[in-house]
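The values are calculated or read from the model by the stated rules, or taken from the named source; none is laboratory data. Note that this is a predicted model, so its numbers are computed, not measured. With ideal geometry, Cβ positions are generated from the backbone for all residues, glycine too; neighbour counts draw on all protein chains shown.
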Amino acid sequence: MTSVQSRVAALKALEALIRRAVGEDIFIRNPESPVEASREGIVVMSDGDPGEAEYILSPLAFCWEHQVAIEIAASGPDRVAVTEGLLARLEPELAADRRLGGAVDDARLMSAPEIHDYPIDDAETERSITVAVQLSYTTVSAAG
């Protein structure tokens, strides 16, 4: 355990990293309704589930491995290049700052990208890439 952190700080730090990597105008965190992909692409972060914490008794601390879903989507003829390009911008940013400025003990991509192509009308297709980011952090509260 390197320092005391919080769930809120961990998620805000990941949000800031993604915004830096892909840009403010195409990023959404926890949208209230489904988001339509554009030709320029969209990146959606869903806070996910922190799961069950492991705990340390002395001093009492809770160790979390929080899974966060990141979805990258685009439509149109360049959808493959757009989605792959956005993922390629995110990966090195995360690799360069695995501690998210001290907000977590470790942050890393935990899965190979899940790639899906969806027809949205007769002429258009949407591509979606989903990756899981695991945030490992320690808190003094069972609430995270």
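Odds and ends about this structure:
- Check on ARG99, within 30 Å of LEU60 (Cα to Cα), basic (Lys, Arg) and surrounded by 12 or more Cβ atoms within 10 Å (Cβ to Cβ): yes
- Test result for ILE28, β-branched (Val, Ile, Thr) and free of Cβ contacts under 8 Å to residues at least 40 places away in the same chain: yes
- The lone criterion from (1) at pLDDT 95 or above; (2) assigned to a loop (DSSP other than H, G, I, E, B); (3) farther than 14 Å from SER136 by Cβ; (4) hydrophobic (A, V, I, L, M, F, W, C) left unmet by ILE115 is number (2).
- For the stretch 64-97, the set of residues classified as within 20 Å of ASP47 (Cβ to Cβ) and within 13 Å of the chain's Cα centre (by Cα) consists of HIS66, GLN67, VAL68, ALA69, ILE70, GLU71, ILE72, LEU86, LEU87, LEU90, GLU93, LEU94, listed by residue number.
- Pick from the stretch 60-91, criterion part of a loop (DSSP other than H, G, I, E, B) and in contact (Cβ under 8 Å) with a residue 12 or more places away in the chain, ranking: surrounded by the most Cβ atoms within 10 Å (Cβ to Cβ): GLY76
- Restricting the stretch 44-54 to residues that are on the phi < 0 side of the Ramachandran plot and without any contact (Cβ under 8 Å) to a residue 24 or more places away in the chain leaves a set whose member that is farthest from the chain's Cα centre (by Cα) is GLU54.
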